[in-house]
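Working notes, beginning with the structure itself.
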Amino acid sequence: GPQAAEHGGQPTSAENEAARAAGQPEMSEELAQEMQAAAEAFGAPEASSSLLKQAMRVVLPDTWDSEGEGRFNAAPDVRKLEAAWPQLQDELDTASEAKTDKVERFFADALKRAEEQVDLKVQDVGQKLEARAKAAETKLDPAGASKYRSMQWTVMNAAERVKEKIAERQRARIALRKHKAKSQKQALRKALTNPTGILTEAFLPDGQSLSELSAADAVEEVADALRDLFRAVEVAAVRPPLSAEGGPLKFLSETVGRAEAEEVPLESACEAALRGLGASLGGLAARLRQELESLPEPEKLYKDMEFDGLDREAKRDKQMFDGKQEFDWERTLKLTTQEQLQRRVAAHKDKLEKVERVLRRRWRKGRERSRPQSMQALAAFTDAITKAEDSIRVLYRENSEKADAEVTRVEAERRRTQEQTQVLLSAALVIREEKNTMNDAWYAAPKERQQVMFKSLKKVRRLAEDMKNLAIMPELKQKHSVLLYSLRMLEAKLKNECQAKPDDILDGPLKLSPAQQQQLEEAERAFEEQLEADIDAIRAAHGARAERAVSRLANEFKSAAEVQHAGSLQAARVAIDASARAAGRAEFAAVALRPFADAVAALGAEALRHAEVARSPLDAPTFQPKRARLTDALKETLKVLAELQKGANRPPDVGRATAAEKDWEVALAGAEKRWREFCERHPETATGDETPRSQAEVVEGGLSNAAANRLDLGDLGDEDGTATPRGRGVVRGPFSPSGGGGDDDSPQQGRRRGGRGNAQQAK
């Protein structure tokens with residue numbers, strides 16, 4: 001037929017010589033036939049120019065097949081072909097016009113042969129009717145002779161109508177081929193920019209275009225269109241997606257607008273092609289049912305004419321012979337159809353397995369190429385985060401150790417100071433108590449006053465002796481001097497008031513009263529509170545210093561990570577998604593292409609069935625093959641179409657294979673989690689100075705201001721017998737504490753103010 005491959009598709013010696021010179025394998029005869037078949041399907045029967053040959057290779061499955069890659073040439077440059085589309089379009093139009101002329105010549109020859117076959121049948125039927133008319137004249141039956149001669153004119157008129165109908169169907173078929181060539185050119189145009197564009201513009205005859213064709217022609221046209229559609233689905237399945245023109249990769253995979261390879265919508269394209277396939281099969285089924293319902297019943301007269309001139313026995317023999325011939329014809333047709341179906345099913349099964357094998361190999365190659373790199377990048381990124389966290393822990397540990405050391409030092413110094421402060425404070429409390437006792441006994445009876453003064457003298461001497469033996473800290477030297485001075489002054493005054501020996505001193509340590517003990521405990525509690533606050537201040541200062549150092553280190557690491565590990569997370573996500581898409585594509589293609597392969601194989605066999613029926617002898621006056629043969633062929637094809645429509649109306653439902661990427665997903669999820677947690681723990685903050693002024697003055701060891709204020713010795717003035725306490729308030733006695741305020745009393749201060757004190761005492 002017009003779709004047969006021509007000698008022009010065979011590889012020439014010049015082409016093979018050029019391939020050998022380029023170091024490439026020679027083009028095989030099979031590949032050349034496939035290229036020629038693709039050229040025929042796309043309206044280019046003579047792909048003579050190199051540009052047109054490259055364009056035809058775009059719609060050839062072996063071009064994008066990894067098994068066939070490089071067998072003859074590398075994959076065509078679709079961008080170059082797209083840029084040269086005006087020139088390519090002119091060549092396609094020229095080739096399409098040549099093919100249209102060829103198709104018109106072919107159908108003209110077919111019409112001529114059909115008319116000759118009709119004329120032969122008309123001549124045969126006319127001869128038999130003329131013989132019957134003469135026999136009627138012999139029997140003196142002019143009415144019967146006229147009847148048979150009238151039937152001759154009826155047969156000739158029916159033949160003319162059949163010829164006109166055949167011519168109309170041929171013209172409709174030529175118009176259908178022109179429309180197909182136009183659609184295929186548009187499909188090629190889209191295939192240059194979109195891998196599935198060949199499917200969006202795939203040509204499938206609808207019910208309206210099939211209604212003007214005969215049943216055999218309709219089946220042949222649909223089978224031919226499905227063969228081209230299956231080739232287009234193969235190309236769309238095995239052709240790799242075009243690389244997207246994207247920007248640089250962002251850092252986190254959650255970032256919106258990441259650039260990744262363009263995902264070819266093979267699923268939606270195949271679903272649309274399945275819908276078109278179902279519509280075309282439905283239109284063909286409607287046309288065949290219409291043909292089946294319009295088949296006329298055979299006229300007995302024309303059937304009986306086959307036995308004219310035969311006796312009864314010869315008629316029986318002819319009937320038996322015709323029955324055997326019909327049985328053999330039907331059996332041969334059935335076996336031939338089954339054989340063709342098996343061969344086509346096996347051939348398309350190999351193509352399906354090849355598509356799946358190619359896609360799975362491509363998936364494995366891409367996965368084996370990207371997975372180690374991605375896993376290595378993720379491991380390096382995770383190790384970098386681990387090292388940064390280790391460095392941060394070291395910083396925290398070092399600052400904690402420094403804080404602990406400083407707290408230990410300060411606490412030791414404070415407690416040593418507090419211990420001596422408590423001793424001095426207890427001495428000051430004893431001195432105050434003895435002064436009050438002396439003041440209370442001043443106006444007592446002489447004997448009682450002397451006893452009180454003597455007892456106080458022994459305590460004062462005991463206290464003075466203890467103070468002299470006390471190893472005092474430099475910070476408390478001044479307070480210690482004030483106490484010793486006060487004790488000397490008080491001892492001198494007491495010696496004047498009582499008769500005592502130099503060795504009269506209290507034996508054993510002094511015992512504090514409950515009130516004095518309570519004051520010491522209050523002072524101790526205040527000290528502990530102050531010490532705890534100071535320790536907290538020290539730790540807070542070191543903690544703030546550590547936080548600034550950690551923040552600075554985290555910011556430096558994040559800046560370095562964005563440079564050294566930029567895109568590792570998103571690159572892994574893109575690679576995993578690409579691998580999953582490739583695996584899902586292979587799984588989807590293995591299932592989605594099966595309805596197309598089944599339809600092509602089944603309709604190819606049915607086209608052979610109807611072609612054999614169409615070549616069988618014609619019946620009169622319909623000038624069609626025998627009604628029984630047409631009926632059987634139409635019913636068998638309708639059964640096949642019903643099964644094919646079920647597959648076309650049931651879109652494939654397959655999942656995406658992601659189980660193999662579980663460890664990859666786990667590695668990516670772990671890296672993303674580590675990075676997210678690191679960023680949440682260490683947000684972007686201003687680090688500031690190394691030691692801010694508000695935190696620079698860390699509390700050092702020694703006596704705090706609160707402890708110094710608690711040890712107030714201002715009322716322990718000089719007690720030399722002439723001095724009185726400072727101030728001008730009312731006095732209770734010669735040994736009363738000062739009623740006024742002032743700073744610490746040193747011996748020098750007591751001497752400077754001694755005159756005014758003597759005057760007050762004299763009064």
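The values are calculated or read from the model by the stated rules, or taken from the named source; none is laboratory data. This structure is a prediction, so every number in the text was calculated from the model and none was measured. Glycine also receives a Cβ, built like all others from the backbone with ideal geometry; neighbour counts cover every protein chain displayed. Accessible surface is based on the protein model in full, side chains and every heavy atom, while ligands, DNA and RNA are left aside. Shrake-Rupley method; radii C 1.70, N 1.55, O 1.52, S 1.80 Å.
Filter region 124-135 down to the residues that are closer than 18 Å to Glu299 by Cβ and surrounded by 13 or more Cβ atoms within 10 Å (Cβ to Cβ) and list them by number. Passing the criteria: Asp124, Val125, Gly126, Lys128, Leu129, Glu130, Ala131, Arg132, Ala133. Among the candidates Ala580, Ala601, the residue that is of a type outside the set (S, T, N, Q) and within 30 Å of Leu668 (Cβ to Cβ) is uniquely Ala580.
Say we look at region 77-93 and pick out the residues that are part of a helix (DSSP H, G or I) and among the acidic types (Asp, Glu); which of these is surrounded by the most Cβ atoms within 10 Å (Cβ to Cβ)? Here the answer is Glu91.
Could you say whether any residue in region 509-531 is touching a residue at least 12 places away in the same chain (Cβ under 8 Å), closer than 30 Å to Glu398 by Cα and not aromatic (Phe, Trp, Tyr)? Taking every residue of region 509-531 in turn, at least one turns out to be touching a residue at least 12 places away in the same chain (Cβ under 8 Å), closer than 30 Å to Glu398 by Cα and not aromatic (Phe, Trp, Tyr). Restricting region 141-167 to residues that are acidic (Asp, Glu) and within 14 Å of Ala114 (Cα to Cα) leaves a set whose member that is surrounded by the fewest Cβ atoms within 10 Å (Cβ to Cβ) is Glu164. Using the structure shown, decide if Ser66 is in contact with a Gly (Cβ under 8 Å, 6 or more places away or on another chain) and either at pLDDT below 80 or crowded, with 21+ Cβ neighbours inside 10 Å (or both). Taking the combined requirement at face value, the residue does not satisfy it.
For region 183-196, enumerate the residues that are part of a helix (DSSP H, G or I) and touching a residue at least 60 places away in the same chain (Cβ under 8 Å). Answer for region 183-196, where residues must be part of a helix (DSSP H, G or I) and touching a residue at least 60 places away in the same chain (Cβ under 8 Å): Gln184, Lys185, Ala187, Leu188, Arg189, Ala191. There is no residue in region 367-386 that is in a loop (DSSP other than H, G, I, E, B), more than 30 Å from Ala537 (Cβ to Cβ), open to solvent by 30 Å² or more (accessible area, probe 1.4 Å) and in contact with a helix residue (DSSP H, G or I) (Cβ under 8 Å, 6 or more places away or on another chain). Scanning region 606-634 for residues that are within 57 Å of the chain's Cα centre (by Cα), farther than 15 Å from Leu288 by Cβ and open to solvent by less than 20 Å² (accessible area, probe 1.4 Å) yields no hits at all. Check whether at least one residue in region 412-432 is under 60 Å from the mean Cα position of the chain (by Cα), crowded, with 16+ Cβ neighbours inside 10 Å and modelled with pLDDT of 80 or more, and report yes or no. No: zero hits.
Annotation note: Cβ proximity below 9 Å between a residue of region 479-503 that is without any contact (Cβ under 8 Å) to a residue 40 or more places away in the chain and more than 19 Å from Ala445 (Cβ to Cβ) and a residue that is small (Gly, Ala, Ser) and assigned to a helix (DSSP H, G or I) (sequence gap 6+ or interchain) occurs for Leu484/Ala464; Arg488/Ala464; Glu491/Ala464. Only one of the numbered conditions (1) free of Cβ contacts under 8 Å to residues at least 60 places away in the same chain; (2) assigned to a helix (DSSP H, G or I); (3) not small (Gly, Ala, Ser) is violated by Leu199, and that is (1). Based on this model, can you work out whether Ala686 counts as surrounded by fewer than 14 Cβ atoms within 10 Å (Cβ to Cβ), modelled with pLDDT under 75 and of a type in the set (A, V, I, L, M)? Spelling it out, Ala686 is indeed surrounded by fewer than 14 Cβ atoms within 10 Å (Cβ to Cβ), modelled with pLDDT under 75 and of a type in the set (A, V, I, L, M).
The residue that is modelled with the highest pLDDT, counting only those in region 640-656 that are in a loop (DSSP other than H, G, I, E, B), of a type outside the set (Lys, Arg) and open to solvent by 50 Å² or more (accessible area, probe 1.4 Å), is Asn649.
Every residue in region 211-232 that is assigned to a helix (DSSP H, G or I) and of a type outside the set (D, E, K, R), please. Answer for region 211-232, where residues must be assigned to a helix (DSSP H, G or I) and of a type outside the set (D, E, K, R): Ala215, Ala216, Ala218, Val219, Val222, Ala223, Ala225, Leu226, Leu229, Phe230, Ala232.
Restricting region 287-335 to residues that are touching a residue at least 40 places away in the same chain (Cβ under 8 Å) and of a type in the set (Phe, Trp, Tyr), which is most open to solvent (accessible area, probe 1.4 Å)? Once the filter is applied, the top-ranked residue is Trp329. If you go through region 585-596 and keep only what is open to solvent by less than 10 Å² (accessible area, probe 1.4 Å) and closer than 16 Å to Gly276 by Cβ, you end up with Ala592, Leu593, Phe596.
From the list Gln208, Gln117, Gln170, the lone residue that is open to solvent by less than 30 Å² (accessible area, probe 1.4 Å), under 24 Å from Ser294 (Cβ atoms) and not in a loop (DSSP other than H, G, I, E, B) is Gln170. Of the residues making up region 189-202, those that are open to solvent by less than 40 Å² (accessible area, probe 1.4 Å) and either of a type in the set (D, E, K, R) or modelled with pLDDT of 85 or more (or both) number 0.
Only residues that are surrounded by 13 or more Cβ atoms within 10 Å (Cβ to Cβ) and of a type in the set (Lys, Arg) were counted across region 387-411, and they come to 2.
Condition check: of a type outside the set (Ser, Thr, Tyr), in a helix (DSSP H, G or I), under 25 Å from Thr631 (Cβ atoms) and open to solvent by 50 Å² or more (accessible area, probe 1.4 Å). Does Lys354 satisfy that?
The answer is no for Lys354.
Based on what the data block shows, is Glu661 surrounded by 12 or more Cβ atoms within 10 Å (Cβ to Cβ), modelled with pLDDT under 80 and over 30 Å from Arg275 (Cα atoms)?
So Glu661 passes the test.
The rows are residues; the columns are (1) open to solvent by 30 Å² or more (accessible area, probe 1.4 Å); (2) charged (D, E, K, R); (3) modelled with pLDDT under 80; (4) in contact with a Pro (Cβ under 9 Å, 6 or more places away or on another chain).
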| residue | (1), (2), (3), (4) |
| --- | --- |
| Met438 | no, no, no, yes |
| Gln451 | yes, no, no, no |
| Lys455 | yes, yes, no, no |
| Ala464 | no, no, no, no |
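A Cβ distance below 8 Å, combined with a sequence gap of six or more or placement on separate chains, defines the contacts here; from region 557-582, residues that are farther than 19 Å from His682 by Cα and outside any helix (DSSP H, G or I) reach residues that are open to solvent by 20 Å² or more (accessible area, probe 1.4 Å) and of a type in the set (A, V, I, L, M, F, W, C) in the pairs Gly567/Leu249; Gly567/Phe251.
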